[in-house]
Amino acid sequence: MIAVVNREFLLRKPLNEVIEKYTFVEDFLKNNSVEFKKNMSIEEVLFSYDEDILEEKGLNRENFVENLIQFSEQMIDILGLDNNVVEEITILPGINKFGEEEKFDKIVIKKGEIVSIVGPTGSGKSRFLADIEWGAQNDTPTKRTILVNGEPLDKKSRFSSSNNLVAQLSQNMNFIMDLSVYEFLEMHAKSRMVENPESVVEKIFEKANELAGEKFEMSAPVTSLSGGQSRALMIADTAILSTSPIVLIDEIENAGIDREKALELLVGEEKIVLMATHDPLLALMGNKRIIIKNGGIYKIMEVSENERAILEELSRLDSIVQKLRNQLRSGEELNFKIDK
C-alpha cells in the first residue's frame, strides 16, 4: 500500500490545510527558498513568481511540482501516513504440508479484533503469521492469499522497506542501542513528527510500567531492561506510537508482562491483533481462534459462552498468581489467602 498523494489536495488547497496534514511540506518550501502565505495554494504561490525570479531561484514550476509530489509520497511512506488505513484483512485458503486444501471459504478479521492462533509446536503457526506479514499472494509454501480491505497488496507495497503495515512482537526482544528509555522513546516520537513528543513519551512510559512485572525508570538504559520490561516497553510503543495497523504476536505467554492489559491496550488503539499462543488464558481472550494442524488451517472456532466463563475463572486465578509473584519479587512471605 505505497502512498499515492492526492495531487488536487496538495496543489490546490490552502497551505494552512496542507501543512496541518503534512507538516513536511512547509520544510520543503523553505528549503527551496519559496516564500508563501498560508492562505494561498502551492499553485498560487508558484504562479505569483514571474519567470525571471523563478530562474534566479533555480526553479522550474513543472519540476518543482513533481519533486514535491515525489517527496511527499516518500515522507508519507516513511511516516506511515494515509496508507495504513486498514479496516479488515481477509485470508483465503491454501494447502497444508501434504498438499491438501484448507477447508474454509475465507476468514475476515476486522480492526479491534483479537484472533489467537493455536496448534502443536511445529504445526505452522509462525508460517501463518509470516503469510500475513508478507501479504501472501498464492506465492508462499501454503499457497494462501491475503487481502487488505478486500484487495491484494501490490509488489511494491509487499516488498518495500518502508512498508509499515505490520508490527511484530516476539518473546525474544533485546536492545543493542546505547540509549536511555527516555532517549529511545523521544527518538521514535520525533521520527514520527508527533505534535507533542513529551506527552507521548510520558504516556508510553506509564503504560509500559503498567504492563511490566517489575517497574523501571525513564533514565534506565534500554540495554539494562529485563525481557519482560523490554516487551512491555515495545508493546506500549507499538500500541501508542506505531502506525502499523496489524500486530503479530508470537508466543508472549512467558514474557513477564500483564498479558490481559497488553491486549486491551493494543485493541483500544484499534489494531488488528493476531497472536500465536499455547496459553489458554490468551487463547480465550480472542474473538475467535484459528487451529493450525499439519501446516494448514484445520478449524476456525468462535469463543463459546462456556469458554467465556472459563476465561473469567482463569483471569481470577492469574490475578492470584500475579500477586504471589510480586510478593516473591519483594522478598515477602507468601501470605495471600486463596479462597477454595
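If you check Glu8 against the conditions, is it open to solvent by less than 80 Å² (accessible area, probe 1.4 Å), closer than 30 Å to Gly150 by Cβ and not in a loop (DSSP other than H, G, I, E, B)?
no
If we scan region 87-97, do we find a residue that is assigned to a loop (DSSP other than H, G, I, E, B) and over 30 Å from Asn287 (Cβ atoms)?
No, region 87-97 has no match at all.
Take region 88-123 and flag every residue that is small (Gly, Ala, Ser) and open to solvent by 20 Å² or more (accessible area, probe 1.4 Å).
Residues satisfying the conditions are Gly99, Gly112, Gly122.
Could you tell me which residue of region 174-193 is farthest from the chain's Cα centre (by Cα), considering only residues that are part of a loop (DSSP other than H, G, I, E, B) and within 23 Å of Glu20 (Cβ to Cβ)?
Applying the first criterion (part of a loop (DSSP other than H, G, I, E, B)) to region 174-193 yields 174-179, 192-193.
Those still in the list that are within 23 Å of Glu20 (Cβ to Cβ) too: 192-193.
Numbers: Arg192: 13, Met193: 17 Å.
The selected residue is Met193.
Whether any residue in region 44-55 is surrounded by 13 or more Cβ atoms within 10 Å (Cβ to Cβ), aromatic (Phe, Trp, Tyr) and closer than 26 Å to Met193 by Cβ is what I want to check.
No, there is no match, as no residue in region 44-55 is surrounded by 13 or more Cβ atoms within 10 Å (Cβ to Cβ), aromatic (Phe, Trp, Tyr) and closer than 26 Å to Met193 by Cβ.
Within region 124-139, can you find the residues that are open to solvent by less than 70 Å² (accessible area, probe 1.4 Å), of a type in the set (A, V, I, L, M, F, W, C) and within 16 Å of the chain's Cα centre (by Cα)?
Leu129, Ala130, Ile132, listed by residue number.
Only one of (1) over 27 Å from the mean Cα position of the chain (by Cα); (2) touching a residue at least 24 places away in the same chain (Cβ under 8 Å) is not met by Arg289, so which one is it?
(1)
Under the condition of being at pLDDT 75 or above and aliphatic (A, V, I, L, M), which residue from region 156-176 is farthest from Leu225 (Cα to Cα)?
Within region 156-176, the match that is farthest from Leu225 (Cα to Cα) is Leu165.
Considering every residue within region 182-189, establish whether at least one is of a type in the set (Ser, Thr, Tyr), within 22 Å of Ile117 (Cβ to Cβ) and crowded, with 17+ Cβ neighbours inside 10 Å.
So in region 182-189, the residues of a type in the set (Ser, Thr, Tyr) come out as 182.
Now drop any that are not within 22 Å of Ile117 (Cβ to Cβ), which leaves none.
Checking region 182-189: not a single residue is of a type in the set (Ser, Thr, Tyr), within 22 Å of Ile117 (Cβ to Cβ) and crowded, with 17+ Cβ neighbours inside 10 Å.
Tell me, yes or no, whether region 263-278 has at least one residue that is within 16 Å of Ser116 (Cα to Cα) and surrounded by fewer than 19 Cβ atoms within 10 Å (Cβ to Cβ).
Yes; the residues of region 263-278 include at least one that is within 16 Å of Ser116 (Cα to Cα) and surrounded by fewer than 19 Cβ atoms within 10 Å (Cβ to Cβ).
Could you grab the pairs with beta carbons closer than 6 Å, sequence gap of 6+ or different chains, first residue in region 58-85 and open to solvent by 30 Å² or more (accessible area, probe 1.4 Å), second one at pLDDT below 75 and not in a helix (DSSP H, G or I)?
Glu73/Ala3; Glu73/Val5; Ile78/Ser162; Asp82/Ala3
Considering Ser41, Ser33, which residue is within 30 Å of Lys190 (Cβ to Cβ) and touching a Leu at 6+ places or on another chain (Cβ under 7 Å)?
Answer to the selection: Ser41.
The values are calculated or read from the model by the stated rules, or taken from the named source; none is laboratory data. Owing to the predicted nature of the structure, the values given are computational and were not obtained by experimental measurement. Cβ sites come from the backbone with ideal geometry, for glycine too, and all protein chains shown count toward neighbours. Heavy atoms of the whole protein, side chains included, go into the accessibility calculation; ligands, DNA and RNA do not. Shrake-Rupley method; radii C 1.70, N 1.55, O 1.52, S 1.80 Å.
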